[in-house]
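Chemist: Below: one structure in structure tokens.
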Amino acid sequence: MALGFSAAKSPPAFRWPDPKAAPQSPSTTGHAKARAQPGGSLGYMPALDGLRALAVLAVLAYHAGMPWARAGFLGVDVFFVISGYLITALLLNEQSRNGRISLGRFWGRRALRLLPGLLVMLAAVSLAVPLLAPDQNESLSGDLAAALTYVSNWWLIFQDKPYFEAIGRPPLLQHLWSLAVEEQFYLLWPAALALALRNPFRKPRRVVGFILVAVAGSALAMALMYSPEGDASRVYYGTDTRLGTILLGAALAFIWSPGHRTASSRWAGGLARDFAGLGSLAVIGWLMVTWNEFEPILYRGGFTAVALLAAVVVGVASHPGALTERLLGNLPLRWIGQRSYSIYLWHWPVFMLTRPQLDIDLTGLPLFVVRLSITACLAFASYALVEKPVRNGALGRSWDKMRTGASTRKLGMAAEGFALVCLPAMLVVAVASAAVIPRSAPQPPAEAALAGAGQVSTAASATHPMDGLSVSENAETPGPAAAPPAEAAAPPPPPPTVTAIGDSVMLIAKDALAARFAGAIVDAGIGRQTKAVIETAQALKDGGKLGNNVIVHMGTNGLITVRQLDQLMEILKDVPHVGVVNVKVARPWEEVNNRMLSENVGRFPNATLVDWKSTATAHPEAFYNDGVHLRPGGISLYVDLLSGNVVG
């Protein structure tokens, strides 16, 4: 998510410049006075700051895991639309007033707006990582470099860092992917727009047409690249697949100019606008509650549909005198919206350093209150002491006064001077600390247990069922062989043969499973996705290593689709009995996976559902602090459940 403007602005009507005409000054009519300011800036529209506030609160609720904000990440798309609208309106206003767009001035304003708060946050994260998150040490240098060059989204794609399907602590700078998308837009769009506006044969409606074609192309690229069976991070992070949302806001700036609109005297017209605006806002809210990140429709036009709804809200909210404008422009929302960039910058590192039952012994609402309090303190301090003074030029004025010795005793100037000195210093500290911090981090208990378990297949033979265990666990020495009886008794029926395929949960219990079932094959791996489970099952089948009982535990690390379950069961169709284990993992896909398995495992006559979720929930003491991986005492619980579903 990114927040390009500190406050929403109202674009004046765009007119192609007439070289013989004097610069135009838009009228100031309506409820919110939309005056063109010197230098091409735009008048303040408070309702768009209110819309920013709602968007950032939705994102915070989503990242906090609130069940009523399962798709709160859609707040990012609302911000994209606002930013595209305001940036384009500003550029069109400058073209209309001055006959040209000054790219250097535009990029300079963007740097003053975005860089100060970003640099302070990066410095704080660099200092916090060695102390509070040493597991981030190794990746911090690259993350910082990507953040400073605004390519975080492509850096995450290159590193194959998932946004939605992640076990463990995500990168502390992961949220900067959306800032990167917007900054790339800020770099390219003004130059493209300036070139288009210089063409005397190109009319505004043709420019809008080209923009809409680009929107459609971006949405089509997302739909074609998305695969329900794979990680959606590539299409979620990509500039090419997310650009359409910002461009919809840009198109709106061409066709909706509230700076020249007055409060409507027609009751019916105003009612229709407010119905459209508030209705669209309500639909976005409903989608945030009912959708989740794994809905295929999101990637097949859903994000574009949300952007269209957001464009309607933006258009109505920027209309003077509209009820929507008054509701969204109230003081509390406006105050939060003005600081939304700072809030967004700080909330993610704070949330990721206060993970429930891992970094802090709090959960639920108390944890949310603590996180919001810390975020608010950091964000408001950054806004008041760094971002706002830099943007308003106060730091430069204070520096001049300090050099001349005037008013040096004033507390406000001292704070500003302190920020002026510390800002570049903190950047130096950030880069230096990233270069010298140690490259190894102590492993938390769950990771240590996984490292000890290894990532190999285990096969216990019938004559040595305890292979893979230590000597102390299998210390009994067999005595001399007894003489065979005169008449051999009938041989007992052969024990069931078992093949177990799974992820890191099964990996920790692999030795115990191999010991429980003589001749069992246990093939488990860390971070294994459903696609890898299917490939493993096929390889075991091709090698003739599938027993008459197959246990499959998948879905801990990401989504399972119905199609993938069908593919797996097609491979295992000749196996007499297949136990499919559901998942216990405190991630959004837990509910999605378990619901899908509950609804579909019964379709296969040779399959039964093993309810690990219910058993695990009843025994929280069986897990390490991550709530996913088994302590030594929980391994027997897991093995007992699985063995109870093995058929002889």
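Chemist: Got at least one residue in the range 36-43 being over 35 Å from the mean Cα position of the chain (by Cα), assigned to a loop (DSSP other than H, G, I, E, B) and either at pLDDT below 85 or not assigned by TED's automatic domain parsing to the domain that holds Met288 (or both)?
Modeler: The answer is yes, given that some residue of the range 36-43 is over 35 Å from the mean Cα position of the chain (by Cα), assigned to a loop (DSSP other than H, G, I, E, B) and either at pLDDT below 85 or not assigned by TED's automatic domain parsing to the domain that holds Met288 (or both).
Chemist: Does the range 102-111 include one or more residues that are polar (S, T, N, Q) and under 23 Å from the mean Cα position of the chain (by Cα)? If you could, list the steps in order and put the result at the bottom.
Modeler: So the first thing to find is which residues in the range 102-111 are polar (S, T, N, Q), and the list is 102.
Within this subset, residues satisfying the condition of being under 23 Å from the mean Cα position of the chain (by Cα) are none.
No; the residues of the range 102-111 include none that is polar (S, T, N, Q) and under 23 Å from the mean Cα position of the chain (by Cα).
Chemist: Still on this structure: Which numbered condition trips up Ile157, out of (1) crowded, with 24+ Cβ neighbours inside 10 Å; (2) modelled with pLDDT of 90 or more?
Modeler: For Ile157, the failing item is (1).
Chemist: Using the structure shown, decide if Leu131 is without any contact (Cβ under 8 Å) to a residue 40 or more places away in the chain, surrounded by fewer than 16 Cβ atoms within 10 Å (Cβ to Cβ) and within 30 Å of Ala384 (Cβ to Cβ). Give the derivation first.
Modeler: Details: without any contact (Cβ under 8 Å) to a residue 40 or more places away in the chain: yes; surrounded by fewer than 16 Cβ atoms within 10 Å (Cβ to Cβ): yes; within 30 Å of Ala384 (Cβ to Cβ): yes.
Considered against the rule, which asks whether it is without any contact (Cβ under 8 Å) to a residue 40 or more places away in the chain, surrounded by fewer than 16 Cβ atoms within 10 Å (Cβ to Cβ) and within 30 Å of Ala384 (Cβ to Cβ), Leu131 comes out as yes.
Okay, residues lined up against (1) part of a helix (DSSP H, G or I); (2) surrounded by 24 or more Cβ atoms within 10 Å (Cβ to Cβ); (3) modelled with pLDDT of 85 or more:
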position: Gly217; (1), (2), (3): yes, no, yes
position: Ala223; (1), (2), (3): yes, no, yes
position: Tyr236; (1), (2), (3): yes, yes, yes
position: Gly249; (1), (2), (3): yes, yes, yes
position: Ala268; (1), (2), (3): yes, no, no
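Chemist: Any idea how many residues of the range 313-360 are of a type outside the set (Gly, Ala, Ser) and over 24 Å from Arg169 (Cα atoms)? Lay out the reasoning, then the answer.
Modeler: Taking the range 313-360 and keeping what is of a type outside the set (Gly, Ala, Ser), we get 313-314, 316, 319-320, 323-328, 330-336, 338-339, 341, 343-360.
Adding the requirement that they be over 24 Å from Arg169 (Cα atoms) leaves 313-314, 316, 319-320, 323-328, 330-336, 338-339.
Selection size over the range 313-360: 20.
Chemist: Of everything in the range 275-295 that's of a type outside the set (S, T, N, Q) and under 12 Å from Val314 (Cα atoms), which residue is surrounded by the most Cβ atoms within 10 Å (Cβ to Cβ)?
Modeler: Gly277
Chemist: Something else about it: Name the residues in the range 324-367 that are farther than 19 Å from Pro116 by Cβ, assigned to a loop (DSSP other than H, G, I, E, B) and of a type in the set (D, E, K, R), would you?
Modeler: Arg355, Asp359, Asp361
Chemist: State whether the residues of the range 297-315 include one that is more than 27 Å from Pro588 (Cβ to Cβ), of a type in the set (A, V, I, L, M) and modelled with pLDDT under 95.
Modeler: Step one: list which residues in the range 297-315 are more than 27 Å from Pro588 (Cβ to Cβ), which gives 311-312, 314-315.
Next, from what is left, pick out any that are of a type in the set (A, V, I, L, M): 311-312, 314.
After this cut, where a residue has to be modelled with pLDDT under 95 as well, the list is none.
Taking every residue of the range 297-315 in turn, none turns out to be more than 27 Å from Pro588 (Cβ to Cβ), of a type in the set (A, V, I, L, M) and modelled with pLDDT under 95.
Chemist: A follow-up question, please. Just to be sure, is Ala146 closer than 29 Å to Tyr299 by Cα and modelled with pLDDT of 95 or more?
Modeler: On the way: closer than 29 Å to Tyr299 by Cα: yes; modelled with pLDDT of 95 or more: yes.
When the stated conditions are applied, Ala146 passes them.
Chemist: Still on this structure: For Ala310, are the conditions met, namely being without any contact (Cβ under 8 Å) to a residue 40 or more places away in the chain and either within 27 Å of the chain's Cα centre (by Cα) or surrounded by fewer than 16 Cβ atoms within 10 Å (Cβ to Cβ) (or both)? Outline the logic, then answer.
Modeler: Values: without any contact (Cβ under 8 Å) to a residue 40 or more places away in the chain: no; either within 27 Å of the chain's Cα centre (by Cα) or surrounded by fewer than 16 Cβ atoms within 10 Å (Cβ to Cβ) (or both): yes.
Against the criterion (without any contact (Cβ under 8 Å) to a residue 40 or more places away in the chain and either within 27 Å of the chain's Cα centre (by Cα) or surrounded by fewer than 16 Cβ atoms within 10 Å (Cβ to Cβ) (or both)), Ala310 does not qualify.
Chemist: How many residues, within the range 73-115, are part of a helix (DSSP H, G or I) and either of a type in the set (A, V, I, L, M, F, W, C) or surrounded by 24 or more Cβ atoms within 10 Å (Cβ to Cβ) (or both)? Don't jump to the end; show me each part of the working.
Modeler: Step one: filter the range 73-115 for residues part of a helix (DSSP H, G or I), giving 73-98, 103-115.
Add one more test, that the residue is either of a type in the set (A, V, I, L, M, F, W, C) or surrounded by 24 or more Cβ atoms within 10 Å (Cβ to Cβ) (or both), and what stays is 73-93, 103, 106-107, 111-112, 114-115.
Here the count works out to 28.
Chemist: Then there is this: How many residues does the range 138-155 hold that are closer than 19 Å to Leu187 by Cβ and not in a loop (DSSP other than H, G, I, E, B)? Give the steps one after another, and end with the answer.
Modeler: The initial filter retains those residues of the range 138-155 that are closer than 19 Å to Leu187 by Cβ, namely 145-155.
Keeping just the survivors that are not in a loop (DSSP other than H, G, I, E, B) gives 145-148, 152-155.
The number of residues fulfilling the criteria is 8.
Chemist: Then there is this: I'm trying to understand the selection: among the residues of the range 525-538, which are of a type outside the set (S, T, N, Q), surrounded by 20 or more Cβ atoms within 10 Å (Cβ to Cβ) and over 13 Å from Asn557 (Cα atoms)?
Modeler: The answer is Ile534, Ala537.
The values are calculated or read from the model by the stated rules, or taken from the named source; none is laboratory data. Everything numeric in this text was worked out from a predicted model, so none of it was measured. For neighbour counting, all protein chains shown are included, and Cβ atoms are generated from backbone atoms with ideal geometry for every residue, glycine included.
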